[in-house]
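K.L.:
This is the structure I have questions about; it appears just below.
The values are calculated or read from the model by the stated rules, or taken from the named source; none is laboratory data. The shown structure was predicted, so the numbers you read here are calculated from the model rather than taken from an experiment. For neighbour counting, all protein chains shown are included, and Cβ atoms are generated from backbone atoms with ideal geometry for every residue, glycine included.
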Amino acid sequence: MKHFNTEGVCRPDCHYMVKTDDNLAKIKSLIDRNKYIVLNRPRQFGKSTTLDLLQKVLEPQYAYVKTSLERFPESAFTEDNFCEAIKDLFIDYFEREETGLSEEAKTAFISTYEAWNNKPRMLALVRALRKMFKASDKRVVLAIDEIDHAENHEVFFEFLNSLRSEYNDNPANTFQSVILVGVSEINHLINKARPEAQSLGMNRSPWNIAVSFGKSMDLPNSGIFEMLEEYKADHGLKFDAARMSDLLFEYTSGYPFLVSKLCYIIHSKLLETERFADLDAAWTREGFLAALQILMSDRTVPLFQSLAGQLEENKELITLTAGDCGAEDMARGAIQ
C-alpha cells in the first residue's frame, strides 16, 4: 500500500502524491521548442521528483540523461576528473537496456573521446558529444540536479560555457535541452566561482540561453484534496478531506515537504499519543494542530536545519527581524 513519503524522490506507484501533470507538460513544451531550462526552488520542493517523473514524459521521444552533482565527490571537480565523470555518465546510460540511442551514437562518442586523449579533456568531451549527436537518431536532453554543489568549482562553469557555445553555434547538433536544477540561481553561482575576477570588474559569460521555469510548483488545494481522497479510499476512512486539504494549504501554502510531513505525522504518529481513538479522529482540526505541534518541535527536520544554517550565515537578518530570536527559532517561525 502507498504511504506518505518525506525522504528523497517520491514515486506515484509507492507514495501518496499530488499530481503534477501540468508542470511536467509545461516543461516538455519548453523542451519541444529547444529551450534550455533553469529550475530554482527551495529545499524539499519536489525538484528531484520532477526530474524523475520527466523520464516517462520524455521517453521514448527523447534520450533523457539525468545526473546530480551531489554524486560527484570533491575530487571530481578538476578538468580531467570532471570530464571522465561526464563520460562515465553517458557510458552508464548507453548500457541501459533501452537507451533510445543507437549503437552508432555510442561508438562515435567513445571512440572520439579516446582518440582525443592527447587533447585537453574538455575539448575531447565536447568533440565526443558533437559526434554522438550527429550519429544519433534521437535528440538528447541532459538534466543536472543539485547544481549548488558546483559552487566555487570553475570546471563546471567551463562545461556550461562549452555547452553555451555549442548551442549558439549549432543548436541542431547539440542537446535538445539542458535542465539545471538547484536552490541557487545559476548566474549567482557563476559569479561566485571567480571572486578574484569580480574584484577586477570581470564576470564569466552568463547562462543566458535558458528560460526560468516560472510556473508555480506549490501544491494546489484541489490537488491535496484529490490525494487525500485516494488515501481515504485506500484506508476505508470517512474524514472530511475538503476540510483537511483547506487546513494543509492554509498552513503550508502548498509547500510539498510540509504537506507530506504533516500527513505522515497524522497517519503514523498521532495514534501513538493515545489522544485519538482512530485515524478518522486524527484527521480532524484537532489532529492537524497536534501534528503541527509535533512538526514544529522536531529538531531533526532537514528543511528547518537548512533554513537555520542560511540564517546563521546572515546574522544581520536575524538582528533586523527577530531581535534576540535565534536562527533555529526563526526557521521554525517561517511557517507558523
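K.L.:
Taking the condition assigned by TED's automatic domain parsing to the domain that holds Glu146 and either in contact with a strand residue (DSSP E or B) (Cβ under 6 Å, 6 or more places away or on another chain) or modelled with pLDDT of 95 or more (or both), does Asn81 pass?
P.N.:
Criteria met by Asn81.
K.L.:
Let me ask you something else. Could you figure out which of (1) farther than 19 Å from Lys19 by Cα; (2) free of Cβ contacts under 8 Å to residues at least 12 places away in the same chain; (3) part of a helix (DSSP H, G or I) isn't true of Ala277?
P.N.:
(3)
K.L.:
Still on this model: Name every residue in the stretch 78-105 that is touching a Ser or Thr at 6+ places or on another chain (Cβ under 8 Å) and without any contact (Cβ under 8 Å) to a residue 24 or more places away in the chain, in order of residue number.
P.N.:
Asn81
K.L.:
For the stretch 232-248, does any single residue satisfy the condition of being of a type in the set (S, T, N, Q), touching a residue at least 60 places away in the same chain (Cβ under 8 Å) and not in a loop (DSSP other than H, G, I, E, B)?
P.N.:
no
K.L.:
Which ones in the stretch 13-41 are polar (S, T, N, Q) and in a helix (DSSP H, G or I)?
P.N.:
Asn23, Ser29
K.L.:
While we're here: Quick one: which of Leu53, Leu30 is in contact with a strand residue (DSSP E or B) (Cβ under 7 Å, 6 or more places away or on another chain) and touching a residue at least 24 places away in the same chain (Cβ under 8 Å)?
P.N.:
Answer to the selection: Leu30.
K.L.:
Only one of Val178, Val183, Val211 is within 25 Å of Asn23 (Cα to Cα), touching a helix residue (DSSP H, G or I) at 6+ places or on another chain (Cβ under 8 Å) and modelled with pLDDT under 90; which?
P.N.:
Answer to the selection: Val183.
K.L.:
Something else now. Would you pick out the residues in the stretch 235-267 that are within 18 Å of Ala281 (Cβ to Cβ), out of contact with any Ser or Thr (no Cβ under 9 Å at 6 or more places or on another chain) and surrounded by fewer than 18 Cβ atoms within 10 Å (Cβ to Cβ)?
P.N.:
His235, Gly236, Leu237, Lys238, Ala242
K.L.:
Considering only residues of the stretch 120-148 that are among the charged types (D, E, K, R) and assigned to a loop (DSSP other than H, G, I, E, B), which is surrounded by the fewest Cβ atoms within 10 Å (Cβ to Cβ)?
P.N.:
Asp137
K.L.:
I've got another one for you. Just to check your reading of the model, which residue among Glu7, Glu74, Glu79, Glu70 is more than 30 Å from Asn118 (Cα to Cα) and among the acidic types (Asp, Glu)?
P.N.:
The conditions single out Glu7.
K.L.:
Only one of Leu123, Leu189 is in the same structural domain as Gln55 (by TED's automatic domain parsing), over 24 Å from Gln55 (Cβ atoms) and touching a Gly at 6+ places or on another chain (Cβ under 9 Å). Can you tell me which?
P.N.:
Only one candidate qualifies: Leu189.
K.L.:
Can you pull out the residues in the stretch 209-231 that are assigned to a helix (DSSP H, G or I), among the small types (Gly, Ala, Ser) and surrounded by 15 or more Cβ atoms within 10 Å (Cβ to Cβ)?
P.N.:
Gly223
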